[in-house]
1. What is the Cα convex hull volume of the range A:202-304 when expressed per residue in Å³?
2. Once label points are set 7 Å from the Cα along Cα→Cβ at both residue B:115 and residue A:141, what is their separation, rounded to one decimal in nm?
3. Other chains' Cβ within 10 Å of A:85-91 residues: what's the mean?
4. For the range A:234-270, list residues with backbone N below 18 Å from a point placed 7 Å from the Cα of residue A:287 toward its Cβ?
5. Assign one of three labels to the range A:8-98, namely rounded, prolate or oblate, based on the Cα gyration tensor with a ≥ b ≥ c the square roots of its eigenvalues; rounded applies when a/c is under 1.5, prolate when it is not and a/b is larger than b/c, and oblate otherwise.
6. How many partner chain Cβ atoms sit within 10 Å of a residue's Cβ in peptide B:63-69, on average, as a whole number?
7. Just grab the label-to-label distance for residue A:197 and residue A:167, each label 7 Å out from Cα along the Cβ direction, in nm (one decimal).
8. What number results when the radius of gyration of the range A:105-199, computed over Cα atoms, is divided by 2.2 N^0.38 Å?
């Protein structure tokens, strides 16, 4: 049996309110429901409101007073509900209690290979407005009037947007972010930039790390320049970072310059190293400015040779187990060398990678089985 | 466990390929397998819906996400196809009628789901909703495939949505939340019942294709 009209009407319906404000809401039951004001009660987000906050305004109208409202519990609005005595829902109203947005800040942008422009920003008031807040990234060429709106959001985190095409290279852009919610709008400061000043690229591909003959303290690193920018005149700058496998401390080699190879020296013999390379498309189209560093390439592992004469006292704990494994693997790879590869370098490389993997799983096994009392 | 879930979703994705009419898909698979696939999809959707509904109802906030929440269906035109039926009546329908009812119901449910507030909630919630809609679309196509392979005509006419003209989309935000609640609830019941329907249908259709294959292998 469904009545023709709604059983009750709440006022105000779906209001927007500032945090800390107060509200008086009324529930008026329709005559068909045969209910009276004393048959009603209120809940807010499922919690019954105290009868002390109620006032009967008429035979079929009950009001409730809410003071010093907190920010909405959920962005879809607080649920203020008018019930009949038996708990049935007669009507409801969604309360949107929050704050207007603050100016978005820290706008930073980068262009991948001059093909697109991605910008990210931070919301002004640490994001918590309690209301659903929309962010719109807008941009225009400095001396051409038309505003454009970015369409592809969340490409690099929740506060980001990507402009995928039609970028002008030699004209500066003006970029800003507008934040809006039910309570108002806030516009960030305008950032002005030149696409060519914020170019980044892919990490250098084909990173190879190899031994330098029998030299115990050196490794040679080679890589290719990122292919996406090969057609543009630029001086790439590279950086290398490397670390010993057991350490989390990276050593950075900064003055690699424009070459695509470098020799690391002063290394420890018989040690596994992880090496990464990244690229900065410095001086695109002759500009003297630096671009933005690419991500680091995936780590490549290699080990320095260990001289056969006993180095004395350098073996890590658990060396016994290592030596047995090493011997077995050497035998295995000896077989592999004979039957599969003709290149001794490759054999050693594979062995090094194997050893890295073994060390890791050995460590993991140790940790799992660790005695808590130790 | 999860493996059949992934498998059936892949099937759903396959059936979603625009170039591939459901007809071809099911003819190649055979009627029995087509029904099995539809059944599996229904179970997968049931599973997905549990998580989706939980997240969405939390977004709506209490009391919508309380376990015993049971609001009235207020006086508005019946928009969402109701899953409540007389079970005897339902069982008494022909396979054709039952399949057609399923097809129509899910087509409409899909439309309503797609209309759920696009701006709503977190990116994660929107992503889940999108994923669920794709799977549900797969189910609609799958049912169409079953109907074709059994020789039944697809229900004609606008299966599309909305309300007869004059009925407003929820007049206020609270009523819209109620509509959303009922949409998810009805969807839950439909999927639960469809699973039974397809299970029963599966038993009716002989796995002829399977027998042929066995013979070919010389068993």
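Computed from the coordinates by the stated procedures, all read-outs in this text should not be read as laboratory data. Because the structure is predicted, anything quoted here is derived from the model rather than measured. Every residue, glycine among them, receives a Cβ derived from its backbone with ideal geometry; neighbour counts consider all protein chains shown.
1. Hull volume over Cα atoms, normalised by residue count, gives 89 Å³.
2. 4.3
3. On the way: counts 0, 0, 2, 3, 8, 2, 4.
Neighbouring Cβ atoms belonging to other protein chains average 3 per residue here.
4. So the set is A:234-238.
5. prolate
6. Details: counts 8, 6, 2, 1, 0, 1, 2.
Counting Cβ atoms of other protein chains within 10 Å of each residue's Cβ and averaging gives 3.
7. It works out to 1.5 nm between the two label points.
8. Working: Rg = 13.2 Å, N = 95, 2.2 N^0.38 = 12.4 Å.
Dividing the Cα radius of gyration by 2.2 N^0.38 Å gives 1.07.
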